[in-house]
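The values are calculated or read from the model by the stated rules, or taken from the named source; none is laboratory data. Computed from a prediction, not measured in an experiment: that's the story for all the values here. Cβ: placed from backbone, ideal geometry, glycine included. Neighbour counts: every protein chain shown. Areas reflect the complete protein model, heavy atoms only, side chains present, ligands, DNA and RNA absent. Shrake-Rupley method; radii C 1.70, N 1.55, O 1.52, S 1.80 Å.
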Amino acid sequence: MVSKKKYGLETSAIRDGSVRSHFNEHSEALYLTSSFVFNNAREAALRFSGDEAGMVYSRYTNPNLSMFEERLASLEGGEVCVSTASGMSAILGVAMSLLEPGDEIVASKNLFGATKQLFSGLLTKFGIKTTYINASDLNDWEEGITRRTKMFFLETPSNPLTEVADIAEISKLAKSHNVLLVVDNCFCTPALQKPILLGADIVIHSATKYLDGQGRVMGGAIVGRREVIEKPLVSFLRSAGATLSPFNAWVLFKGLETLKVRMDAHSESALKIAQWLMQHQKVKAVYYPWLDNHPQNKLAKAQQSAGGGIVSFEVKGGKEDAWKVIDNLQIVSITANLGDTRTTITHPGTTTHGRLSEEDRLESGITDGLIRLAVGLETVEDLQDDLDFALTR
Ligand SMILES: Cc1ncc(COP(=O)(O)O)c(C=O)c1O
(Lines give C-alpha, C1' and ligand atoms only; values in the text may rest on other atoms or scores of the structure.)
Protein backbone atom coordinates (compact mmCIF):
# COMPACT_ATOMS: atom_id res chain seq x y z
CA MET A 1 0.00 0.00 0.00
CA VAL A 2 3.03 2.30 -0.02
CA SER A 3 2.84 4.88 -2.79
CA LYS A 4 5.38 4.19 -5.55
CA LYS A 5 5.40 7.70 -7.08
CA LYS A 6 7.31 6.37 -10.05
CA TYR A 7 4.66 7.01 -12.73
CA GLY A 8 2.85 10.08 -14.01
CA LEU A 9 -0.63 10.66 -12.60
CA GLU A 10 -2.45 9.20 -15.61
CA THR A 11 -0.34 6.03 -15.58
CA SER A 12 -0.78 5.57 -11.83
CA ALA A 13 -4.54 6.08 -12.17
CA ILE A 14 -4.68 3.26 -14.72
CA ARG A 15 -1.98 0.87 -13.54
CA ASP A 16 -1.38 1.20 -9.77
CA GLY A 17 -3.05 -1.15 -7.32
CA SER A 18 -3.99 -3.77 -9.89
CA VAL A 19 -3.95 -7.39 -8.70
CA ARG A 20 -4.61 -10.35 -11.00
CA SER A 21 -6.06 -13.66 -9.92
CA HIS A 22 -4.71 -16.97 -11.27
CA PHE A 23 -7.03 -16.52 -14.29
CA ASN A 24 -4.91 -13.55 -15.42
CA GLU A 25 -7.91 -11.36 -16.23
CA HIS A 26 -7.09 -7.96 -17.76
CA SER A 27 -9.88 -5.98 -16.10
CA GLU A 28 -9.73 -6.66 -12.36
CA ALA A 29 -11.98 -9.32 -10.84
CA LEU A 30 -14.86 -8.48 -8.54
CA TYR A 31 -14.56 -10.22 -5.16
CA LEU A 32 -18.16 -10.37 -3.98
CA THR A 33 -17.67 -12.41 -0.86
CA SER A 34 -18.43 -11.63 2.77
CA SER A 35 -15.61 -13.78 4.10
CA PHE A 36 -12.46 -15.71 3.18
CA VAL A 37 -11.67 -19.34 3.96
CA PHE A 38 -8.78 -20.37 6.23
CA ASN A 39 -6.82 -23.57 5.73
CA ASN A 40 -6.96 -24.38 9.43
CA ALA A 41 -7.88 -22.94 12.83
CA ARG A 42 -4.33 -21.71 13.48
CA GLU A 43 -4.34 -19.69 10.28
CA ALA A 44 -7.72 -18.21 11.25
CA ALA A 45 -6.33 -17.14 14.62
CA LEU A 46 -3.22 -15.59 13.06
CA ARG A 47 -5.25 -13.66 10.48
CA PHE A 48 -7.69 -12.40 13.12
CA SER A 49 -4.88 -11.19 15.37
CA GLY A 50 -3.11 -9.54 12.45
CA ASP A 51 0.03 -11.65 12.98
CA GLU A 52 -0.38 -13.04 9.47
CA ALA A 53 -1.29 -10.86 6.49
CA GLY A 54 -4.27 -11.91 4.40
CA MET A 55 -7.99 -11.62 3.91
CA VAL A 56 -10.41 -12.36 6.77
CA TYR A 57 -13.86 -10.85 6.40
CA SER A 58 -15.05 -8.08 4.06
CA ARG A 59 -15.77 -5.69 6.94
CA TYR A 60 -11.97 -5.78 7.57
CA THR A 61 -10.34 -6.50 4.25
CA ASN A 62 -11.22 -7.32 0.65
CA PRO A 63 -9.06 -7.35 -2.50
CA ASN A 64 -11.27 -4.79 -4.26
CA LEU A 65 -10.92 -2.39 -1.35
CA SER A 66 -7.14 -2.88 -1.21
CA MET A 67 -6.79 -2.21 -4.94
CA PHE A 68 -8.82 1.02 -4.73
CA GLU A 69 -6.94 2.11 -1.58
CA GLU A 70 -3.51 1.52 -3.09
CA ARG A 71 -4.38 3.40 -6.28
CA LEU A 72 -5.88 6.41 -4.50
CA ALA A 73 -2.98 6.61 -2.00
CA SER A 74 -0.62 6.66 -4.93
CA LEU A 75 -2.55 9.44 -6.71
CA GLU A 76 -2.75 11.62 -3.60
CA GLY A 77 0.92 11.07 -2.74
CA GLY A 78 -0.01 9.54 0.63
CA GLU A 79 1.42 6.44 2.28
CA VAL A 80 -1.87 4.70 2.92
CA CYS A 81 -5.56 4.98 2.17
CA VAL A 82 -8.47 3.59 4.18
CA SER A 83 -11.75 3.37 2.27
CA THR A 84 -15.17 3.92 3.82
CA ALA A 85 -18.84 3.52 2.93
CA SER A 86 -19.34 7.23 2.14
CA GLY A 87 -17.65 10.61 2.41
CA MET A 88 -19.50 11.29 5.66
CA SER A 89 -18.29 8.04 7.21
CA ALA A 90 -14.73 9.03 6.25
CA ILE A 91 -15.14 12.33 8.14
CA LEU A 92 -16.85 10.60 11.08
CA GLY A 93 -14.08 7.97 11.14
CA VAL A 94 -11.32 10.58 11.26
CA ALA A 95 -13.02 12.43 14.12
CA MET A 96 -13.94 9.32 16.12
CA SER A 97 -10.60 7.59 15.75
CA LEU A 98 -8.21 10.56 16.12
CA LEU A 99 -9.98 12.80 18.64
CA GLU A 100 -10.85 12.44 22.35
CA PRO A 101 -13.57 14.10 24.44
CA GLY A 102 -12.35 17.61 25.28
CA ASP A 103 -10.46 18.00 22.00
CA GLU A 104 -11.31 20.84 19.66
CA ILE A 105 -11.52 21.29 15.88
CA VAL A 106 -10.96 24.58 14.09
CA ALA A 107 -12.90 24.38 10.84
CA SER A 108 -13.77 26.51 7.87
CA LYS A 109 -17.25 27.95 8.21
CA ASN A 110 -17.76 27.16 4.53
CA LEU A 111 -18.21 23.41 4.74
CA PHE A 112 -20.64 20.96 3.19
CA GLY A 113 -23.89 21.11 5.22
CA ALA A 114 -23.75 17.52 6.55
CA THR A 115 -20.14 18.00 7.70
CA LYS A 116 -21.22 21.06 9.70
CA GLN A 117 -24.15 19.08 11.10
CA LEU A 118 -21.80 16.30 12.12
CA PHE A 119 -19.36 18.68 13.83
CA SER A 120 -21.96 20.90 15.51
CA GLY A 121 -24.38 18.09 16.37
CA LEU A 122 -23.04 14.58 16.82
CA LEU A 123 -19.46 15.43 17.80
CA THR A 124 -20.56 17.83 20.54
CA LYS A 125 -22.40 14.87 22.13
CA PHE A 126 -19.00 13.22 22.53
CA GLY A 127 -17.38 16.33 23.99
CA ILE A 128 -15.65 17.53 20.81
CA LYS A 129 -16.09 21.24 20.12
CA THR A 130 -15.71 22.98 16.75
CA THR A 131 -14.84 26.63 16.20
CA TYR A 132 -15.70 27.96 12.74
CA ILE A 133 -13.50 30.53 11.04
CA ASN A 134 -12.90 32.15 7.63
CA ALA A 135 -10.73 29.59 5.83
CA SER A 136 -9.12 32.15 3.54
CA ASP A 137 -7.87 34.25 6.50
CA LEU A 138 -4.73 32.82 8.11
CA ASN A 139 -5.15 35.00 11.21
CA ASP A 140 -8.55 33.47 11.80
CA TRP A 141 -7.01 29.98 11.93
CA GLU A 142 -4.45 31.19 14.45
CA GLU A 143 -7.04 32.96 16.58
CA GLY A 144 -9.21 29.82 16.60
CA ILE A 145 -6.47 27.72 18.24
CA THR A 146 -6.69 26.88 21.94
CA ARG A 147 -4.54 24.47 23.92
CA ARG A 148 -7.19 21.81 23.22
CA THR A 149 -7.11 22.17 19.41
CA LYS A 150 -6.15 18.88 17.74
CA MET A 151 -7.46 19.27 14.23
CA PHE A 152 -7.92 21.82 11.43
CA PHE A 153 -10.57 20.88 8.86
CA LEU A 154 -11.27 22.57 5.54
CA GLU A 155 -12.59 22.12 2.02
CA THR A 156 -10.83 23.91 -0.80
CA PRO A 157 -12.57 24.93 -2.98
CA SER A 158 -15.51 24.94 -0.57
CA ASN A 159 -19.00 23.64 -1.22
CA PRO A 160 -20.84 25.55 -2.71
CA LEU A 161 -19.10 28.97 -2.82
CA THR A 162 -15.68 27.77 -4.03
CA GLU A 163 -13.73 29.62 -1.34
CA VAL A 164 -10.04 28.69 -1.68
CA ALA A 165 -7.80 28.23 1.36
CA ASP A 166 -4.00 28.30 1.37
CA ILE A 167 -3.09 24.69 2.24
CA ALA A 168 0.68 25.28 2.49
CA GLU A 169 0.37 28.26 4.87
CA ILE A 170 -2.34 26.64 7.01
CA SER A 171 -0.26 23.48 7.21
CA LYS A 172 2.75 25.44 8.53
CA LEU A 173 0.55 26.95 11.22
CA ALA A 174 -0.93 23.54 12.04
CA LYS A 175 2.51 21.94 12.38
CA SER A 176 3.77 24.71 14.64
CA HIS A 177 0.88 23.97 17.04
CA ASN A 178 1.01 20.19 16.70
CA VAL A 179 -2.41 20.17 15.05
CA LEU A 180 -3.48 17.75 12.28
CA LEU A 181 -4.57 19.41 9.04
CA VAL A 182 -7.42 17.55 7.32
CA VAL A 183 -8.43 18.62 3.80
CA ASP A 184 -11.60 17.49 2.04
CA ASN A 185 -10.33 17.24 -1.57
CA CYS A 186 -13.71 16.37 -3.03
CA PHE A 187 -14.00 19.29 -5.49
CA CYS A 188 -10.51 19.02 -7.01
CA THR A 189 -9.47 15.38 -6.56
CA PRO A 190 -5.75 14.54 -6.94
CA ALA A 191 -6.11 15.23 -10.67
CA LEU A 192 -6.16 18.98 -9.91
CA GLN A 193 -4.72 19.36 -6.40
CA LYS A 194 -2.61 17.27 -4.02
CA PRO A 195 -3.05 18.60 -0.48
CA ILE A 196 -0.58 16.12 1.06
CA LEU A 197 2.22 17.44 -1.14
CA LEU A 198 1.29 20.94 0.09
CA GLY A 199 1.63 19.86 3.73
CA ALA A 200 -1.79 18.46 4.73
CA ASP A 201 -1.70 15.44 7.06
CA ILE A 202 -4.92 13.82 5.92
CA VAL A 203 -7.04 13.98 2.78
CA ILE A 204 -10.73 13.09 2.87
CA HIS A 205 -12.82 12.08 -0.12
CA SER A 206 -16.43 11.68 -0.92
CA ALA A 207 -15.61 9.08 -3.58
CA THR A 208 -19.30 9.29 -4.48
CA LYS A 209 -18.44 12.41 -6.47
CA TYR A 210 -15.65 12.74 -9.05
CA LEU A 211 -13.74 9.57 -8.13
CA ASP A 212 -16.68 7.56 -9.40
CA GLY A 213 -17.55 10.27 -11.91
CA GLN A 214 -20.81 8.80 -13.16
CA GLY A 215 -23.10 9.05 -10.15
CA ARG A 216 -23.30 5.29 -9.59
CA VAL A 217 -22.06 4.43 -6.11
CA MET A 218 -21.42 5.81 -2.62
CA GLY A 219 -17.93 5.70 -1.18
CA GLY A 220 -15.37 7.55 0.89
CA ALA A 221 -11.65 7.52 1.61
CA ILE A 222 -9.03 8.79 4.02
CA VAL A 223 -5.43 9.18 2.82
CA GLY A 224 -2.38 10.03 4.93
CA ARG A 225 0.71 8.81 6.75
CA ARG A 226 0.64 5.21 7.88
CA GLU A 227 1.55 6.01 11.49
CA VAL A 228 -1.23 8.59 11.78
CA ILE A 229 -4.22 6.92 10.18
CA GLU A 230 -3.80 3.21 9.56
CA LYS A 231 -4.25 1.62 12.99
CA PRO A 232 -6.89 3.98 14.39
CA LEU A 233 -9.01 3.97 11.24
CA VAL A 234 -8.80 0.27 10.50
CA SER A 235 -9.76 -0.38 14.11
CA PHE A 236 -12.65 2.14 13.89
CA LEU A 237 -14.01 0.51 10.73
CA ARG A 238 -13.65 -2.98 12.12
CA SER A 239 -15.80 -2.01 15.10
CA ALA A 240 -18.11 0.57 13.53
CA GLY A 241 -18.64 -1.27 10.24
CA ALA A 242 -18.79 1.75 7.91
CA THR A 243 -16.93 -0.30 5.31
CA LEU A 244 -16.95 0.28 1.55
CA SER A 245 -18.67 -2.51 -0.41
CA PRO A 246 -16.41 -4.55 -2.75
CA PHE A 247 -18.67 -3.76 -5.70
CA ASN A 248 -18.47 -0.02 -5.02
CA ALA A 249 -14.69 -0.28 -4.60
CA TRP A 250 -14.45 -1.99 -7.99
CA VAL A 251 -16.54 0.78 -9.64
CA LEU A 252 -14.41 3.48 -7.99
CA PHE A 253 -11.17 1.73 -8.96
CA LYS A 254 -12.26 1.79 -12.59
CA GLY A 255 -13.54 5.38 -12.21
CA LEU A 256 -10.04 6.54 -11.25
CA GLU A 257 -8.74 5.41 -14.65
CA THR A 258 -10.52 8.31 -16.38
CA LEU A 259 -10.21 10.84 -13.55
CA LYS A 260 -7.66 13.16 -15.15
CA VAL A 261 -9.38 13.49 -18.54
CA ARG A 262 -12.73 13.95 -16.85
CA MET A 263 -11.49 16.62 -14.41
CA ASP A 264 -9.78 18.55 -17.19
CA ALA A 265 -12.93 18.40 -19.33
CA HIS A 266 -15.21 19.38 -16.38
CA SER A 267 -12.90 22.34 -15.69
CA GLU A 268 -12.79 23.51 -19.30
CA SER A 269 -16.57 23.47 -19.63
CA ALA A 270 -17.12 25.00 -16.18
CA LEU A 271 -14.84 27.93 -17.00
CA LYS A 272 -16.71 28.61 -20.25
CA ILE A 273 -20.04 28.50 -18.43
CA ALA A 274 -18.81 30.67 -15.54
CA GLN A 275 -17.57 33.33 -18.00
CA TRP A 276 -20.83 33.14 -19.92
CA LEU A 277 -22.93 33.44 -16.72
CA MET A 278 -20.90 36.53 -15.73
CA GLN A 279 -22.30 38.30 -18.81
CA HIS A 280 -25.88 37.19 -18.24
CA GLN A 281 -28.32 39.97 -17.36
CA LYS A 282 -30.29 37.76 -14.93
CA VAL A 283 -27.21 36.76 -12.92
CA LYS A 284 -26.06 38.82 -9.93
CA ALA A 285 -22.82 37.04 -9.02
CA VAL A 286 -20.75 34.05 -10.14
CA TYR A 287 -18.38 32.04 -7.92
CA TYR A 288 -15.66 30.11 -9.73
CA PRO A 289 -11.95 30.00 -8.75
CA TRP A 290 -10.64 30.55 -12.29
CA LEU A 291 -12.54 33.84 -12.77
CA ASP A 292 -10.34 36.92 -12.43
CA ASN A 293 -12.76 38.46 -9.93
CA HIS A 294 -12.73 35.42 -7.58
CA PRO A 295 -11.27 36.65 -4.26
CA GLN A 296 -8.66 33.85 -4.16
CA ASN A 297 -8.06 33.60 -7.92
CA LYS A 298 -4.25 33.93 -7.63
CA LEU A 299 -4.01 31.36 -4.86
CA ALA A 300 -6.28 28.95 -6.74
CA LYS A 301 -4.06 29.20 -9.81
CA ALA A 302 -0.97 28.50 -7.72
CA GLN A 303 -2.50 25.59 -5.82
CA GLN A 304 -4.70 23.88 -8.41
CA SER A 305 -4.01 22.88 -12.01
CA ALA A 306 -7.54 23.84 -13.14
CA GLY A 307 -10.72 25.34 -11.67
CA GLY A 308 -12.82 22.17 -11.29
CA GLY A 309 -16.42 21.55 -12.30
CA ILE A 310 -18.42 23.51 -9.72
CA VAL A 311 -19.83 26.92 -10.60
CA SER A 312 -22.15 28.65 -8.14
CA PHE A 313 -24.15 31.69 -9.09
CA GLU A 314 -26.71 33.99 -7.62
CA VAL A 315 -29.77 34.98 -9.59
CA LYS A 316 -31.42 38.35 -9.17
CA GLY A 317 -34.31 37.96 -6.73
CA GLY A 318 -34.80 35.32 -4.04
CA LYS A 319 -35.71 31.69 -3.51
CA GLU A 320 -38.74 31.69 -5.86
CA ASP A 321 -36.60 33.13 -8.68
CA ALA A 322 -33.86 30.56 -8.11
CA TRP A 323 -36.37 27.72 -7.98
CA LYS A 324 -38.00 28.95 -11.21
CA VAL A 325 -34.64 28.84 -13.02
CA ILE A 326 -34.00 25.32 -11.73
CA ASP A 327 -37.51 24.13 -12.69
CA ASN A 328 -37.25 25.54 -16.23
CA LEU A 329 -34.15 23.52 -17.14
CA GLN A 330 -34.62 20.76 -19.68
CA ILE A 331 -31.23 19.00 -19.77
CA VAL A 332 -29.66 19.69 -16.38
CA SER A 333 -30.73 17.26 -13.62
CA ILE A 334 -32.15 18.55 -10.33
CA THR A 335 -30.31 16.27 -7.94
CA ALA A 336 -28.15 16.43 -4.82
CA ASN A 337 -25.08 14.71 -6.25
CA LEU A 338 -22.18 16.37 -8.07
CA GLY A 339 -19.18 15.12 -10.00
CA ASP A 340 -21.28 13.25 -12.56
CA THR A 341 -20.88 13.21 -16.36
CA ARG A 342 -24.39 14.72 -16.27
CA THR A 343 -24.67 18.36 -15.26
CA THR A 344 -26.53 18.65 -11.95
CA ILE A 345 -28.09 21.60 -10.19
CA THR A 346 -29.13 22.31 -6.61
CA HIS A 347 -30.51 25.12 -4.52
CA PRO A 348 -28.12 24.82 -1.54
CA GLY A 349 -30.24 26.92 0.82
CA THR A 350 -33.12 24.43 0.74
CA THR A 351 -31.23 21.17 0.08
CA THR A 352 -27.56 20.46 0.93
CA HIS A 353 -27.43 23.31 3.47
CA GLY A 354 -31.13 23.26 4.37
CA ARG A 355 -30.58 21.81 7.85
CA LEU A 356 -28.42 24.77 8.91
CA SER A 357 -30.02 27.67 10.77
CA GLU A 358 -30.77 30.76 8.69
CA GLU A 359 -28.05 32.61 10.58
CA ASP A 360 -25.46 29.90 9.81
CA ARG A 361 -26.52 29.79 6.17
CA LEU A 362 -26.25 33.52 5.66
CA GLU A 363 -22.95 33.65 7.54
CA SER A 364 -21.64 31.11 5.01
CA GLY A 365 -22.95 33.19 2.09
CA ILE A 366 -25.72 30.73 1.19
CA THR A 367 -28.32 33.25 0.07
CA ASP A 368 -31.83 32.46 -1.18
CA GLY A 369 -30.84 33.26 -4.78
CA LEU A 370 -27.78 30.99 -4.79
CA ILE A 371 -27.65 28.04 -7.19
CA ARG A 372 -24.91 25.39 -7.43
CA LEU A 373 -24.16 23.97 -10.83
CA ALA A 374 -21.92 20.91 -11.16
CA VAL A 375 -20.93 21.13 -14.80
CA GLY A 376 -20.93 17.74 -16.51
CA LEU A 377 -19.50 16.57 -19.80
CA GLU A 378 -22.32 17.44 -22.19
CA THR A 379 -21.79 19.88 -25.11
CA VAL A 380 -21.20 23.32 -23.54
CA GLU A 381 -23.43 25.15 -26.03
CA ASP A 382 -26.35 22.83 -25.14
CA LEU A 383 -25.87 23.64 -21.45
CA GLN A 384 -25.69 27.36 -22.17
CA ASP A 385 -28.89 27.20 -24.25
CA ASP A 386 -30.60 25.30 -21.45
CA LEU A 387 -29.47 27.80 -18.82
CA ASP A 388 -30.36 30.77 -21.00
CA PHE A 389 -33.85 29.42 -21.57
CA ALA A 390 -34.30 28.81 -17.83
CA LEU A 391 -32.91 32.20 -16.82
CA THR A 392 -34.83 34.31 -19.31
CA ARG A 393 -38.14 32.53 -19.39
C1 LIG B 1 -17.34 18.45 -0.04
C2 LIG B 1 -18.10 17.24 0.40
N3 LIG B 1 -17.60 16.48 1.40
C4 LIG B 1 -18.25 15.38 1.84
C5 LIG B 1 -19.45 15.00 1.30
C6 LIG B 1 -20.14 13.78 1.83
O7 LIG B 1 -19.98 12.71 0.98
P8 LIG B 1 -20.99 11.47 0.87
O9 LIG B 1 -22.27 11.99 0.29
O10 LIG B 1 -20.26 10.50 0.00
O11 LIG B 1 -21.19 10.95 2.26
C12 LIG B 1 -20.00 15.74 0.25
C13 LIG B 1 -21.28 15.33 -0.36
O14 LIG B 1 -21.88 16.06 -1.13
C15 LIG B 1 -19.31 16.90 -0.21
O16 LIG B 1 -19.79 17.66 -1.20
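Between T146, T341, T189, the GNM of the chain built on Cα springs shorter than 10 angstrom shows T146 fluctuating the most.
Positive end of the dipole of the chain (Cβ unit charges, origin at the Cα centre): among M151, A29, L198, the Cα lying farthest that way belongs to A29.
Sorting the segments 147-158, 326-337, 167-178, 65-76 by their mean number of nearby beta carbons within 10 angstrom, highest to lowest, gives 65-76, 147-158, 167-178, 326-337. In this rough spin-label picture, where each label sits 7 Å from Cα along the Cβ direction, the A336-K231 distance is 3.7 nm. When DSSP beta bridges are restricted to pairs lying wholly in the chain, around 55% turn out antiparallel. Which of rounded, prolate, oblate describes the stretch 9-256, given a ≥ b ≥ c as roots of the alpha-carbon gyration tensor eigenvalues and a/c under 1.5 marking rounded, otherwise prolate only if a/b is larger than b/c? Because a/c hits 1.5 or more and a/b exceeds b/c, the stretch 9-256 counts as prolate.
From the Cα gyration tensor of the stretch 112-171, with a ≥ b ≥ c the square roots of its eigenvalues, which class applies: rounded if a/c is under 1.5, or else prolate if a/b is larger than b/c, or else oblate? Oblate shape, in that a/c is at least 1.5 and b/c is the bigger or equal ratio. Simple point charges give the picture: +1 on the Cβ of Lys and Arg, -1 on the Cβ of Asp and Glu, and for the chain a dipole about the Cα centre of about 720 debye.
Computed from Cα positions, the angle between helix 246-256 and the longest principal axis of the chain comes to roughly 60 degrees.
Taking amide H as placed 1.01 Å from N in the peptide plane, the amide H of M151 sits under 5 Å from that of E104, V106, L180, each at least 5 places away or on another chain.
Among the chymotrypsin sites (Phe, Trp or Tyr not before Pro) in the stretch 1-52, those located in a DSSP loop and surrounded by at most 12 other Cβ atoms within 10 Å of their own Cβ are F23. Between S108, S267, S34, which gets the highest mean-square fluctuation from a Gaussian network model of the chain, Cα cutoff 10 Å? Largest GNM mean-square fluctuation: S34. Separation of the alpha carbons by more than 19 angstrom is noted, of K194/K298; K282/K319; K109/K260; K272/K301; K194/K260, for K109/K260. Return the single residue from T343, T84, T367 with maximal mean-square fluctuation; model: Gaussian network over the chain, springs between Cα atoms under 10 Å. Between T343, T84, T367, it is T367 that shows the largest mean-square fluctuation. Using just its DSSP H runs of length 4 or more, each adding -39500 (n - 2.57), the chain gives a mean residue ellipticity at 222 nm of -11000 deg cm²/dmol after division by all residues. Heavy-atom accessible area for Y57, with the other protein chains in place and a 1.4 Å probe, reaches approximately 90 Å². Estimated at the nearest 10 Å², the accessible area of I273 is 0 Å² with a 1.4 Å probe. The angle between the Cα long axis of helix 167-176 and the longest principal axis of the Cα atoms of the chain comes to about 50 degrees, rounded to the nearest 10. Considering only C-alpha atoms, what is the centroid distance from the stretch 317-353 to the stretch 175-250, in Å? The stretch 317-353 and the stretch 175-250 have Cα centres spaced 27 Å from each other. Sketch the reach of a paramagnetic label on L362 as a point 7 Å from Cα along Cα-to-Cβ, and name the residues of the stretch 98-124 whose backbone nitrogen lies under 19 Å away. Under cut-off, by backbone N: 109-111. Spacing of the modelled spin labels on N328 and S120, each 7 Å from Cα toward Cβ, amounts to 3.3 nm. In the chain, the portion of solvent-accessible area held by carbon and sulfur atoms comes to 51 percent [1.4 Å probe, whole percent, DNA, RNA and ligands not counted].
Against the chain, whose longest principal axis is taken from its Cα atoms, helix 259-278 shows a tilt of about 20°. Using a probe of 1.4 angstrom and keeping all protein chains present, the accessible surface of the chain works out to 43 square angstrom per residue.
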